[in-house]
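Only the coordinates and a few stated rules stand behind these numbers; no lab work does. For clarity, every value in this text was computed on a predicted model and none was experimentally measured. With ideal geometry, Cβ positions are generated from the backbone for all residues, glycine too; neighbour counts draw on all protein chains shown.
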Amino acid sequence: MFKVNSYFDGKVTSLGFKSAEGDATSGVIAAGEYEFNTGRPERMEITSGAADVQLKGEHFWTSFPAGTHFHVPEGSSFKIRVAADTTYLCYFG
């Protein structure tokens, strides 16, 4: 069954599901800046819009337009900022 997740007063909402690649979520991020923690490694694909990302321990932001992805190590965190509603697909593990 699907699992609906909502963060930051509903400004980030995702739908969790089992994909052929394992656990995944698909969601939307409203314009703003957010910080996420993760217990498992993640591959985050930006599917529409664009995002600037700052991984834990980095002092710079990297831009990811639609069609690109980034990796978040296990037991880490990342900051993400978007100028407009942006969608993503995230694979765990």
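If you filter the range 44-66 down to residues that are of a type outside the set (S, T, N, Q) and within 20 Å of GLY93 (Cα to Cα), you find that the one that is farthest from the chain's Cα centre (by Cα) is LYS56. Among the residues of the range 2-22, the one identified as in contact with a strand residue (DSSP E or B) (Cβ under 7 Å, 6 or more places away or on another chain), among the small types (Gly, Ala, Ser) and under 19 Å from ALA84 (Cβ atoms) is SER14.
The criterion of at least 1 residues that are exposed (fewer than 11 other Cβ atoms within 10 Å of the Cβ) and touching a residue at least 60 places away in the same chain (Cβ under 8 Å) is met by the following strands (runs of 3 or more DSSP E) wholly inside the chain: 22-29.
Is one or more of the residues making up the range 77-87 of a type in the set (Val, Ile, Thr) and in contact with a Phe, Trp or Tyr (Cβ under 8 Å, 6 or more places away or on another chain)? Yes, the range 77-87 has at least one match.
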